[in-house]
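The values are calculated or read from the model by the stated rules, or taken from the named source; none is laboratory data. Treat the numbers as computed from the prediction; the structure is a model and nothing was measured. Please note: Cβ atoms are built from the backbone with ideal geometry, for glycine as well, and neighbour counts cover all protein chains shown.
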Amino acid sequence: MIHRIKNKRTMTKITSLADLRRKSEELKRRIDLREKSEHTENLIQVKVAMATCGIASGARETMDYLIEELDKRKIDAVVTQTGCMGYCYAEPTIEVKLPGQEPVVFGYVNTKKAKEIIEKYILNGELVDGIIPQNYQTINEKK
Amino acid sequence: MKDISLHILDIAENSVTAGAQTVRIVIEELPGQDLYRLVIEDDGKGMEPDFAAKVTDPWVTTRTTRRFGLGLPLLRQNCELAGGSLDIGSQQGKGTRVTAEFRLSHIDRPPAGDIPATLRLLLAANPDLHLVYEHRTANGTFVFDTRQIKEFIGNLPLNHPEVLRMCSTYINENLLQIGAECQTKNDSKLAENDINH
């Protein structure tokens, strides 16, 4: 069993540019290449706040997880990043915009929270804990 | 910031915000000089001399959501803790170059971290950016240049999850070949994904 996996692993080694070309040809046959950017209004848009505060709190893992997990579940979504949204105390923060709806910002999004957001909010429209209300004022805005 | 790869992600974002078309990231591991050097240069809008001079002051920032910026100050602190220094050169309208030097063997030098993860997320977020990554060690040099990569992958979008995974594997394997310092967390997970397909 282990031996078989080992063989497969060697086959998928991508070390040279030629390997990269071969693997790309294989991907082209297999993956769905819809042009996502043309109809973004029908897509779920996820923005991960990736300023210093976000990165220091683990936003890279969160974004990595979201890209992988949404792809695995075949959810039509674009994951991009944005700067600091001003909620440094609650990093990592993400903004999720479902088609035709107002964007919602979630705080403290580690991979576990990200999974919950995908399963409850993205797939079922159900709200989960950790939403940062729109009328929240940052320290600088407070009078 | 726990490691150098996270600093790279952070500083490269400044370049993107500055409107850079090209971002070049160079890491050199020079055991002979006991030096670990990271250079990030871009062709963004650059900074005014006044601003460039005080940019490692935490109370200086361009952002409007809060009054301080810690990206460069934290990097400077990490350099200085590890017997090195941070140098910033910038020309308005030309671009900015950040050079971070650490003593390679210094106990307080942050580890390199998961460099492939940083690069794949930079690609994911900025598929149109011309990103060049060079890594030099005593055993050789590895160059990852998105312009070159695009020639080889054809019309596949660089920010497709499968393409990101492929590029990440490619970077990781080449870094291993030149004996570059790099800690990949998801290596086994990525390989597993490959097998499952």
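Yes/no per residue for (1) touching a strand residue (DSSP E or B) at 6+ places or on another chain (Cβ under 9 Å); (2) modelled with pLDDT of 90 or more:
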site	(1), (2)
A:56	no, yes
A:64	no, yes
A:87	yes, no
A:122	yes, yes
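Restricting the range B:85-117 to residues that are touching a Lys or Arg at 6+ places or on another chain (Cβ under 6 Å) and without any contact (Cβ under 8 Å) to a residue 40 or more places away in the chain, which is surrounded by the most Cβ atoms within 10 Å (Cβ to Cβ)?
Top of the filtered list is B:86.
Listed residues A:49, A:90, A:77; which is more than 8 Å from chain B (Cβ to nearest Cβ), among the small types (Gly, Ala, Ser), closer than 22 Å to residue A:124 by Cβ and buried (at least 16 other Cβ atoms within 10 Å of the Cβ)? Show your work before the answer.
Details: A:49 fails: closer than 22 Å to residue A:124 by Cβ; A:90 fails: closer than 22 Å to residue A:124 by Cβ.
Only one candidate passes the filter, namely A:77.
Residues being assigned to a loop (DSSP other than H, G, I, E, B), within 13 Å of chain A (Cβ to nearest Cβ) and small (Gly, Ala, Ser): count how many of those fall in the range B:67-124. Explain how you work it out, then say what you get.
Start the filter on the range B:67-124 by keeping residues that are assigned to a loop (DSSP other than H, G, I, E, B), which leaves B:67-70, B:82-84, B:92-94, B:104-114.
Remaining after also requiring within 13 Å of chain A (Cβ to nearest Cβ): B:67-70, B:110, B:113-114.
If we keep only those that are small (Gly, Ala, Ser) as well, we get B:69, B:113.
Within the range B:67-124, residues that are assigned to a loop (DSSP other than H, G, I, E, B), within 13 Å of chain A (Cβ to nearest Cβ) and small (Gly, Ala, Ser) number 2.
Within the range B:151-161, which residues are over 22 Å from residue A:63 (Cβ atoms) and either at pLDDT 95 or above or surrounded by 15 or more Cβ atoms within 10 Å (Cβ to Cβ) (or both)? Before you say what the answer is, go through the steps one by one.
Taking the range B:151-161 as the starting set, the residues that turn out to be over 22 Å from residue A:63 (Cβ atoms) are B:151-152, B:154-155.
Across the range B:151-161, the qualifying residue is only B:152.
Only one residue in A:119, A:95 is within 14 Å of chain B (Cβ to nearest Cβ) and surrounded by fewer than 21 Cβ atoms within 10 Å (Cβ to Cβ), so which one is that?
Numbers: A:119 fails: within 14 Å of chain B (Cβ to nearest Cβ).
None of the other options fit; the residue is A:95.
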